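Read the structure below first, then the notes.
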Amino acid sequence: MRWIATDEPVVIDDPGKQFRFQGWKARCELEARVEVPSIGFAWKSDAIETSRADFALIGEEANGKYYLQQHSAAGAIVGTQPAAPSADGVVSKPSPYSVDETIRRLDEVVRGKGLTVFARIDHRSGAREVGLDMQDEQVLIFGNPRAGTPSMVARPLVGIDLPLRVLVWRASDGRVWASYQDSAFISRRYGLPDGLEKNLAGVPALVDAALR
């Protein structure tokens, strides 16, 4: 597979004037090769165009080949798939909505499942109250005492991570992420007895429903 730059220019201005993307259209070509040296056999398929995307030219090799990087809708220079932020035990999923809208949708889904919303924390609002600023970042804390209590009875320290919570935040490149702790990680961390992890395993489905 290879990306080939075309002569179609691309210029994209962010409405907020936070970035200006300049690059070219590029097409992706896919071809298959088969080689069997022992019998001197070699075969190559015709190249098939599979897709097109916006790319920026970021360098040039001595042999004339160009380095290309793909441009995302948010204006970042990225690969074909956004790399999820990582931390031990944390799962992050990209949201197509703003932070406020993602939190609103998640709150709606959580309440619709009969769960209790205990708090909604707006970290950016808190920072501004003391004269500071930060990226948009909010936490929704929710749960069901019937599900969480058995885990805390068995392992009191798990109460540090309960009730369940989802962090919704905007990265520096404009992407919005919904992040939460993996239930298997929580179970291993506190050594929960068999059968209790399932009580904490409902967050992924809630997040997926909110991001649709």
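Which residue pairs have Cβ atoms under 8 Å apart, sit 6 or more places apart or on different chains, and have a first residue in segment 29-41 that is acidic (Asp, Glu) and a second that is at pLDDT 70 or above and part of a strand (DSSP E or B)?
Here the result reads 31/44; 35/41; 35/42; 35/43, each pair linking segment 29-41 to a residue that is at pLDDT 70 or above and part of a strand (DSSP E or B).
Only one of 114, 126 is part of a loop (DSSP other than H, G, I, E, B), under 30 Å from residue 139 (Cβ atoms), in the same structural domain as residue 175 (by TED's automatic domain parsing) and modelled with pLDDT of 70 or more. Can you tell me which? Full working, then the answer.
Numbers: 126 fails: part of a loop (DSSP other than H, G, I, E, B).
After applying the criteria, what remains is 114.
Can you say whether residue 183 is surrounded by fewer than 18 Cβ atoms within 10 Å (Cβ to Cβ), within 24 Å of the chain's Cα centre (by Cα) and not aliphatic (A, V, I, L, M), as far as the supplied structure shows? Can you show your working first?
Numbers: surrounded by fewer than 18 Cβ atoms within 10 Å (Cβ to Cβ): no; within 24 Å of the chain's Cα centre (by Cα): yes; not aliphatic (A, V, I, L, M): yes.
Judged against the criteria, residue 183 is not a match.
Pick out the one residue from 79, 75, 64, 59 that is within 14 Å of residue 176 (Cα to Cα), small (Gly, Ala, Ser) and at pLDDT below 80.
Criteria check complete, one pass: 75.
If residue 102 satisfies all but one of (1) crowded, with 17+ Cβ neighbours inside 10 Å; (2) at pLDDT below 95, what's the number of the condition it fails?
(2)
Only residues that are modelled with pLDDT under 80 and surrounded by 15 or more Cβ atoms within 10 Å (Cβ to Cβ): list them for segment 82-99, please.
82
The values are calculated or read from the model by the stated rules, or taken from the named source; none is laboratory data. The structure presented is a predicted model; accordingly, all values stated were derived computationally and were not measured. Ideal geometry is used to build each Cβ from the backbone, glycine not excepted, and the neighbour counts take in all protein chains shown.
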